[in-house]
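J.: Just dropping this structure here.
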Amino acid sequence: MSDELAQPVLLFDSGVGGLSVLAALRQVLPEAPVIYAADNAGLPYGQKTEAEIAARVSGLLGRMTERLHPRLVCIACNTASTIALAAVRDVLEVPIVGTVPAIKPAAALTRSGVIGLLGTEATIRQGYVDRLEAEFAADKVLLRHAAPELVSAAETKLRGGVADPAAIADAVAALRAMPQGDRIDTVVLACTHFPLIADELGQAFGPGVRLVDGAQGIARRIAWLTRGQRFARREPDRALFTRDEAGLAELFPALSAAGIERYAVF
Ligand code: DGL
């Protein structure tokens, strides 16, 4: 028997990054039942080709949607969204919300006119990002840097470890070293993993730099698309991983803090 009120919102990422989106979603829709899906077998997406990411994300979301019947799917991953959003929308009937690098809000906030953008290698080379830059930041300078080591730093932190200070310092130094990098006053965190280490990044950049991400906007979009719907959480929210791996249990405290109390391998 289908239970429409208990139909979940499916949040999907390659790893723990989508938890930054989940935190924002809890603020606006605390009652929404959530399934958090992490494709840890595919992590990191940032080092994969466009074809690999598109095939992997469409295939997985197709199977997950069939089995889990979500009311809405959120691709809580910039890499997957900037590459595969259109393809996923083509094949799935369910509403899909993607994650867009927050270039538009950053362009509205910057005073110096120089914006930094940190993302994965795959994200920063996307035409999707070029188009956002052309549309919203044509009169600004946008400096992009790929920081895959920050994905590992966030994964480590959420497992109870310390986000590698050298990785954080290197990412900040790389942006600062670009032409006009010393004038950056706003940094787009264009990977959902990075808000999880916002404190560390904020300290490394210093007080004159504002960090911007898209989590709140995504949460508002989900609330808008599900407006008028009712929610009931019949059982504790759960996380699905695509691979059982050593050390997965180290994530449980962070997941529990995010309101996820059950775990399974998909
Ligand atoms: N969380 C993903 C993003 O927003 C990236 C992590 C990865 O490289 O898999 O881009």
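J.: Let me confirm something: among Leu60, Leu72, Leu11, Leu25, which residue is under 14 Å from Ala223 (Cα atoms) and over 13 Å from the mean Cα position of the chain (by Cα)? Step through it out loud before you land on a result.
T.: On the way: Leu60 fails: under 14 Å from Ala223 (Cα atoms); Leu11 fails: over 13 Å from the mean Cα position of the chain (by Cα); Leu25 fails: over 13 Å from the mean Cα position of the chain (by Cα).
Result of the check over Leu60, Leu72, Leu11, Leu25: Leu72.
J.: Restricting attention to region 24-43, and to residues there that are hydrophobic (A, V, I, L, M, F, W, C) and touching a Leu at 6+ places or on another chain (Cβ under 9 Å), which single residue is farthest from the ligand (Cβ to nearest atom)? Spell out how you get there, then give the answer.
T.: First pass over region 24-43, keeping only residues hydrophobic (A, V, I, L, M, F, W, C): 24-25, 28-29, 32, 34-35, 37-38, 41, 43.
Checking the rest, the ones that are also touching a Leu at 6+ places or on another chain (Cβ under 9 Å) come to 25, 32, 34-35, 37-38.
Working: Leu25: 15, Ala32: 21, Val34: 17, Ile35: 17, Ala37: 12, Ala38: 10 Å.
Looking at residues that are hydrophobic (A, V, I, L, M, F, W, C) and touching a Leu at 6+ places or on another chain (Cβ under 9 Å), I get Ala32.
J.: Being within 19 Å of Gly113 (Cβ to Cβ), within 16 Å of the ligand (Cβ to nearest atom) and part of a helix (DSSP H, G or I), is that true of even one residue in region 130-144?
T.: As a first pass, look at region 130-144 and keep what is within 19 Å of Gly113 (Cβ to Cβ): 130, 132-144.
Keeping just the survivors that are within 16 Å of the ligand (Cβ to nearest atom) gives 132, 144.
From the residues that got through so far, the ones that are part of a helix (DSSP H, G or I) too are 132.
Among the residues of region 130-144, at least one is within 19 Å of Gly113 (Cβ to Cβ), within 16 Å of the ligand (Cβ to nearest atom) and part of a helix (DSSP H, G or I), which makes the answer yes.
J.: When both residues are 6+ apart or on different chains and their Cβ atoms are under 9 Å apart, which pairs have a first residue that lies in region 99-112 and is over 10 Å from Gly214 (Cβ atoms) and basic (Lys, Arg), and a second that is modelled with pLDDT of 95 or more and outside any helix (DSSP H, G or I)?
T.: From region 99-112, the pairs are Arg111/Asp185; Arg111/Thr186.
J.: Would you be able to say whether some residue in region 78-88 is more than 16 Å from the ligand (Cβ to nearest atom), touching a Pro at 6+ places or on another chain (Cβ under 9 Å) and without any contact (Cβ under 8 Å) to a residue 40 or more places away in the chain?
T.: From region 78-88, those more than 16 Å from the ligand (Cβ to nearest atom) are 86-87; that's our starting set.
Pick out the ones that are also touching a Pro at 6+ places or on another chain (Cβ under 9 Å) and you get none.
Among the residues of region 78-88, not one is more than 16 Å from the ligand (Cβ to nearest atom), touching a Pro at 6+ places or on another chain (Cβ under 9 Å) and without any contact (Cβ under 8 Å) to a residue 40 or more places away in the chain, which makes the answer no.
J.: A further question follows. Take Pro195 and tell me if it is surrounded by fewer than 24 Cβ atoms within 10 Å (Cβ to Cβ), out of contact with any Phe, Trp or Tyr (no Cβ under 8 Å at 6 or more places or on another chain) and not in a helix (DSSP H, G or I).
T.: Values: surrounded by fewer than 24 Cβ atoms within 10 Å (Cβ to Cβ): yes; out of contact with any Phe, Trp or Tyr (no Cβ under 8 Å at 6 or more places or on another chain): yes; not in a helix (DSSP H, G or I): no.
So Pro195 does not fit the description; no.
J.: Conditions: (1) buried (at least 16 other Cβ atoms within 10 Å of the Cβ); (2) within 16 Å of the ligand (Cβ to nearest atom); (3) in a helix (DSSP H, G or I). Pro101 meets all but one. Number of the miss?
T.: (3)
J.: Now a separate question. Please work out if Ala167 is within 16 Å of the ligand (Cβ to nearest atom), buried (at least 17 other Cβ atoms within 10 Å of the Cβ) and either within 16 Å of the chain's Cα centre (by Cα) or modelled with pLDDT under 95 (or both). Full working, then the answer.
T.: On the way: within 16 Å of the ligand (Cβ to nearest atom): yes; buried (at least 17 other Cβ atoms within 10 Å of the Cβ): yes; either within 16 Å of the chain's Cα centre (by Cα) or modelled with pLDDT under 95 (or both): no.
Considered against the rule, which asks whether it is within 16 Å of the ligand (Cβ to nearest atom), buried (at least 17 other Cβ atoms within 10 Å of the Cβ) and either within 16 Å of the chain's Cα centre (by Cα) or modelled with pLDDT under 95 (or both), Ala167 comes out as no.
J.: Looking at the structure I just gave you, is Gln216 farther than 23 Å from Thr110 by Cα, touching a residue at least 60 places away in the same chain (Cβ under 8 Å) and either over 21 Å from the mean Cα position of the chain (by Cα) or in a helix (DSSP H, G or I) (or both)?
T.: On the way: farther than 23 Å from Thr110 by Cα: no; touching a residue at least 60 places away in the same chain (Cβ under 8 Å): yes; either over 21 Å from the mean Cα position of the chain (by Cα) or in a helix (DSSP H, G or I) (or both): yes.
No, not satisfied.
J.: Are any of the residues in region 199-212 closer than 15 Å to Val21 by Cα, within 15 Å of the ligand (Cβ to nearest atom) and in contact (Cβ under 8 Å) with a residue 60 or more places away in the chain?
T.: Yes, some residue in region 199-212 is closer than 15 Å to Val21 by Cα, within 15 Å of the ligand (Cβ to nearest atom) and in contact (Cβ under 8 Å) with a residue 60 or more places away in the chain.
J.: In the set Val97, Val91, Val73, which member is over 25 Å from Ala163 (Cβ atoms) and modelled with pLDDT under 95? Give the steps one after another, and end with the answer.
T.: Values: Val97 fails: modelled with pLDDT under 95; Val73 fails: modelled with pLDDT under 95.
Only one candidate qualifies: Val91.
J.: Also: What number of residues in region 134-159 are surrounded by fewer than 19 Cβ atoms within 10 Å (Cβ to Cβ), within 20 Å of the chain's Cα centre (by Cα) and farther than 20 Å from Thr123 by Cα?
T.: Selection size over region 134-159: 2.
J.: OK, next. Please determine, by comparing only the residues of region 44-66 that are more than 11 Å from Ser14 (Cβ to Cβ) and surrounded by 14 or more Cβ atoms within 10 Å (Cβ to Cβ), which one is nearest to the ligand (Cβ to nearest atom). Spell out the reasoning first.
T.: If we filter region 44-66 for residues that are more than 11 Å from Ser14 (Cβ to Cβ), which is where we start, we get 49-52, 54-55, 58-59, 61-66.
Now narrow it down to the ones that are surrounded by 14 or more Cβ atoms within 10 Å (Cβ to Cβ): 50, 52, 54-55, 58, 61, 64-65.
On the way: Glu50: 13, Glu52: 12, Ala54: 14, Ala55: 15, Ser58: 16, Leu61: 15, Met64: 17, Thr65: 20 Å.
Ranking the qualifying residues of region 44-66, first place goes to Glu52.
J.: Let me ask something else about it. With respect to Thr123, is the statement that it is part of a loop (DSSP other than H, G, I, E, B) and touching a residue at least 60 places away in the same chain (Cβ under 8 Å) true? Can you show your working first?
T.: Values: part of a loop (DSSP other than H, G, I, E, B): no; touching a residue at least 60 places away in the same chain (Cβ under 8 Å): yes.
So Thr123 does not fit the description; no.
J.: Moving on to the next point. What number of residues in region 220-251 are under 18 Å from Leu43 (Cα atoms) and under 20 Å from the mean Cα position of the chain (by Cα)? Don't jump to the end; show me each part of the working.
T.: Taking region 220-251 as the starting set, the residues that turn out to be under 18 Å from Leu43 (Cα atoms) are 239-251.
Within this subset, residues satisfying the condition of being under 20 Å from the mean Cα position of the chain (by Cα) are 239-243, 248, 251.
Final tally of qualifying residues: 7.
The values are calculated or read from the model by the stated rules, or taken from the named source; none is laboratory data. From a predicted model like this one, the values you see are computed outputs, not experimental measurements. Note: ideal-geometry Cβ built from the backbone for every residue, glycine included; neighbour counts use all protein chains shown.
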